[in-house]
Amino acid sequence: MDKYHPLDRLAGIIRTERSRGRSIVLANGCFDLIHVGHIRYLEEAKAQGDILVAALNSDASVRRLKGEGRPILPESERAEILAAFSCVDFVTIFEEDTVEQVLLTLKPDVHAKGSDYTTDTVPEKETVRAYGGRIAITGGPKVKNTSELIRQIGAGFKHE
């Protein structure tokens, strides 16, 4: 999986890409059970610049944020799935509950968030603005979320 890099190694790659005049976009999330909302989010995020970095919450981070039983897929598989998308140039995994450290390390030109946010509700907005980046809301109207899909799947199995 040549698109995956730990954050410290990815920082050097991003410096090289930026020196070539390329703009950097960062999208982040758990990306557990990929659905159409994820695809739309990532594709529109990629349209905001030249290089798209997908920052993936680690298994421990997802568990803290979403509760026991999550993630459904382990981080290695979630990273491999993200790396398979043509719109994603690089994937990194972060352990923290927020993407703030990734932002401070990479300083992407654009921090893309899904449509469940507005530019005013993005938790990392002050960090991004402080280093001169901008926020972009991508992905169109919210159509699905993984928790909802898990409930639907569970309900379907109960009827059989």
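For L33, only one of the following conditions fails: (1) modelled with pLDDT of 95 or more; (2) more than 23 Å from E124 (Cα to Cα); (3) touching a Ser or Thr at 6+ places or on another chain (Cβ under 7 Å). What is its number? Failed condition: (1). Please verify whether L42 is in contact with a Phe, Trp or Tyr (Cβ under 9 Å, 6 or more places away or on another chain) and outside any helix (DSSP H, G or I), treating the condition exactly as stated. For L42, the condition - in contact with a Phe, Trp or Tyr (Cβ under 9 Å, 6 or more places away or on another chain) and outside any helix (DSSP H, G or I) - is not met. Kindly indicate whether any position in region 87-95 is in a helix (DSSP H, G or I) and modelled with pLDDT of 95 or more. Within region 87-95, none of the residues are in a helix (DSSP H, G or I) and modelled with pLDDT of 95 or more. Exactly one residue among T105, T98 is in contact (Cβ under 8 Å) with a residue 12 or more places away in the chain, part of a helix (DSSP H, G or I), among the hydroxyl-bearing types (S, T, Y) and farther than 16 Å from G139 by Cβ, and that residue is T105.
Matching residues to (1) hydroxyl-bearing (S, T, Y); (2) surrounded by fewer than 21 Cβ atoms within 10 Å (Cβ to Cβ):
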site	(1), (2)
G49	no, yes
A55	no, no
D59	no, yes
R64	no, yes
E68	no, yes
I72	no, yes
S76	yes, yes
S86	yes, yes
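Taking residues in region 1-13 that are among the aromatic types (F, W, Y), and partners anywhere that are part of a helix (DSSP H, G or I) and at pLDDT 95 or above, the pairs with Cβ atoms closer than 7 Å and at least 6 places apart or on different chains are Y4/A79; Y4/A83. Between G140, G132, which is assigned to a loop (DSSP other than H, G, I, E, B) and modelled with pLDDT of 95 or more? One residue alone meets the criteria, G132.
The values are calculated or read from the model by the stated rules, or taken from the named source; none is laboratory data. What you are looking at is a predicted structure, and each value in this text was computed from that prediction instead of being measured. Backbone-built Cβ (ideal geometry, glycine too); neighbour counts: all protein chains shown.
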